[in-house]
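Each reported figure results from applying straightforward, stated rules to the coordinates on display, with no laboratory input. Worth saying up front: this structure is predicted, and the values here are computed from it rather than measured. We place every Cβ from the backbone using ideal geometry, glycine too, and count neighbours over all the protein chains shown.
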Amino acid sequence: KQKAFIFDLDGVIVDTAKYHYLAWKKIADSLGFEFTHEHNELLKGVSRVRSLEIILGVGNIKATQEQKDKWLVEKNEDYLNYITNMEADEILPGVEVVLQWLKNNGQRIALGSASKNARPILEKVGILHYFEAIVDGNDVTNAKPDPEVFLRAAELLGAVAKDSIVFEDSVAGIQAANIANMVSVGIGSRAILHEAQYNFNDFTEIATDFLQTLVNQ
Ligand code: B16
Ligand code: MG
């Protein structure tokens, strides 16, 4: 059977959360409040604009729209500096083995990410060619847990929801997949991603037997 396999980007394919963190921390530092790794967890899968709102909430900072727009530009410029030197060694363990298996077995692959920088990142780490469709932060109006991003990706691959499988590291992303009636596979801690239908700590735990089961379902 041919299925649609939809991958989130940050936290699933690459660990860009650390770069988002450094870039946001710079903004927080300049405003004089502490922005910790725990705070950074709140930003996973969340859009850039919403991330800023959360950060300003942490620092209890009120600002005009003009000021917010300035910080958003600053943060992204800084983030782009961090990702500019990304290479294949930043692909998370086991990811490429899974992509290659899916490709070898005639399966269709799409990206479903909240990031507006998704395409250049896939290009830099050298795996853009696996993806038949890319739906990212530039294409959707409703953020996860709204299922829009995954529904669009499935549509572009010509698959119905029940023949679509989503790999996600964020709670909002797992919820989006479940709302869309897709198969949800959580990548990361079971304690956090307990709403996922399946759960693995990382892609090295995903055996081809499991992929074959998903294809046959
Ligand atoms: P950008 P994902 C999300 O990507 C990140 O998890 C989130 O932390 C980030 O704020 C968001 O992309 C927007 O990214 O500023 O590059 O547009 O996990 O949905 O792939
Ligand atoms: Mg993610």
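General remarks:
- By the rule of a C-alpha distance below 19 Å, with chain neighbours fewer than 8 residues away ignored, the aspartates and glutamates paired with residue 3 are 96, 132, 148, 155, 163, 168, 209.
- A viscosity of 1.567 mPa s and a temperature of 4 °C, combined with the Kirkwood radius over Cα pairs in Stokes-Einstein, give a translational diffusion coefficient for region 4-55 of 110 µm²/s.
- In units of the rule-of-thumb radius 2.2 N^0.38 Å, region 67-134 shows an alpha carbon radius of gyration of 1.34.
- Listed by chain and number, the aspartates and glutamates placed with their C-alpha closer than 14 angstrom to that of residue 62 are 53; residues fewer than eight positions away on the same chain are left out.
- Region 26-65: C-alpha gyration tensor shape, a/c 1.5 cut-off, then a/b vs b/c: oblate
- Given charges at Cβ of Lys, Arg, Asp, Glu: region 80-140 dipole, positive-most of 122, 112, 81: 112
- Estimated dipole of the chain in Debye, rounded to 20 [Cβ of Lys and Arg +1, of Asp and Glu -1, Cα centre]: 400 debye
- Candidate lysines for bridging to residue 68, where Cα separation is under 27 Å - those fewer than 8 sequence places away on the same chain excluded: 18, 25, 26, 44, 116, 144
- Placing +1 on the Cβ of every Lys and Arg and -1 on the Cβ of every Asp and Glu, with nothing else charged, gives region 1-103 a dipole about its Cα centre of roughly 440 debye.
- Net charge contributed by nearby residues that have their C-beta within less than 11 Å of residue 26 (K/R +1, D/E -1): -2
- Net charge of the neighbourhood of residue 196, taken over other residues with C-beta under 13 Å away and scored Lys/Arg +1, Asp/Glu -1, is -3.
- Taken about its Cα centre, region 19-68 carries a charge dipole of roughly 180 debye when the Cβ of each Lys and Arg holds +1 and the Cβ of each Asp and Glu holds -1.
- Segment residue 62-residue 181, length gained on full extension (0.36 nm per residue, minus Cα span): 38.9 nm
- Cα centroid separation - region 134-187 against region 43-65, whole Å: 24 Å
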